[in-house]
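Just so it is clear, none of the values below were taken in a lab; they were calculated from the coordinates. Since the structure is predicted, the reported quantities are computational estimates derived from the model, not experimental observations. Quick reminder, even Gly has a Cβ in these numbers, built from the backbone with ideal geometry, and neighbours come from all protein chains shown.
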């Protein structure tokens, strides 16, 4: 028998959708993933040590926050399987979802699989990830460990410039490492960045290694064309080189934008396939925050509920 709602993904979007769907007596089934996209169930927040911008918590660890969301989903009646969805078939009704070699059926789907921040795989990255290295300046840049310390941002697009400017609120100085002699960022964003006295742009520069004392990051080794290798003192290293939306399992059955994010109807979570809804970072390339993901998770559950009610 088909489920009324299947939710794929277990970050803030997925769990908020599960909570709302369960409270609406839709008996949702969630596939939380088994290290899908190389991240534990719970999504990107499980890699964040401290969160200070989620309402209701002055400070809370990412894994703890996601465990609380998981407990709340179950408490409200959601069923959770720790399995990764390998494939979906949106050409039939009910929809079909394949996980662990078993097909499941659903009248509606909520896709909340997120987007994975691109990493550089630098030597030392595994040691200092979340001990100085992050892929979200807005999430982590204001933490006490970074206050009044030098920081490095890697990237040359609008996001890199935005994050470099954002970090100047907290850092003693920000070093923007750009691998070419030009930026991809808009002219306005470039001008804002170049005029900021707390930002130094290092052109034709590649990061080589993350260095530290074993407990925290202290320097970033770089190679600058014409200068050679040298170290930038830094307590923080922020990657701003893009994200990869986790949509490969969809097999091209939903319309995506040029960067691979699921396209949704403005003001809703409706996708190009009726009764399929998308929430969180898998459809949001702009904000990418836990609280905005949770908001769209609520929207997706309500959109699914309204669809089911109108097709009863």
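What is the extension gain from residue 53 to residue 306, computed as 0.36 nm multiplied by their sequence separation minus the C-alpha to C-alpha distance, in nm to one decimal? Could you put the intermediate results ahead of the total?
Values: separation 253, 0.36 × 253 = 91.08 nm, distance 3.10 nm.
Additional length available on full extension: 88.0 nm.
Counting each DSSP H run of 4 or more residues in the chain as -39500 (n - 2.57), what helix-only mean residue ellipticity at 222 nm follows after dividing by all residues, to the nearest 500 deg cm²/dmol? Walk me through the numbers before you get to the answer.
Numbers: 7 runs with 74 residues, N = 312.
Rounded to the nearest 500, the figure is -7000 deg cm²/dmol.
State, in angstrom, two size descriptors of region 119-239 derived from its alpha carbons: Rg to one decimal place and Dmax to the nearest whole number.
Rg then Dmax for region 119-239, in Å: 13.1, 40.
To the nearest 0.05, how large is the calculated FRET efficiency for residue 203 and residue 265 if R₀ is 45 Å and r is the Cβ-Cβ distance? Don't skip to the answer; put the middle values down first.
Working: r = 41 Å, r/R0 = 0.92.
The value I calculate is 0.60.
Could you calculate the FRET efficiency of residue 25 with residue 287 from 1/(1 + (r/R0)^6), where r is the beta carbon distance between them and R0 is 22 Å, rounded to 0.05? List each step's numbers first, then the result.
On the way: r = 31 Å, r/R0 = 1.39.
Given R0 = 22 Å and the Cβ-Cβ separation, E is 0.10.
What nm value, rounded to one decimal, do you get for the distance between residue 121 and residue 272 when each label is placed 7 Å out toward the C-beta?
It works out to 3.0 nm between the two label points.
Using the beta-carbon distance between residue 102 and residue 76 and R0 = 25 Å, what value does 1/(1 + (r/R0)^6) give for FRET efficiency, to the nearest 0.05? The partial results should precede the final answer.
On the way: r = 25 Å, r/R0 = 0.98.
Given R0 = 25 Å and the Cβ-Cβ separation, E is 0.55.
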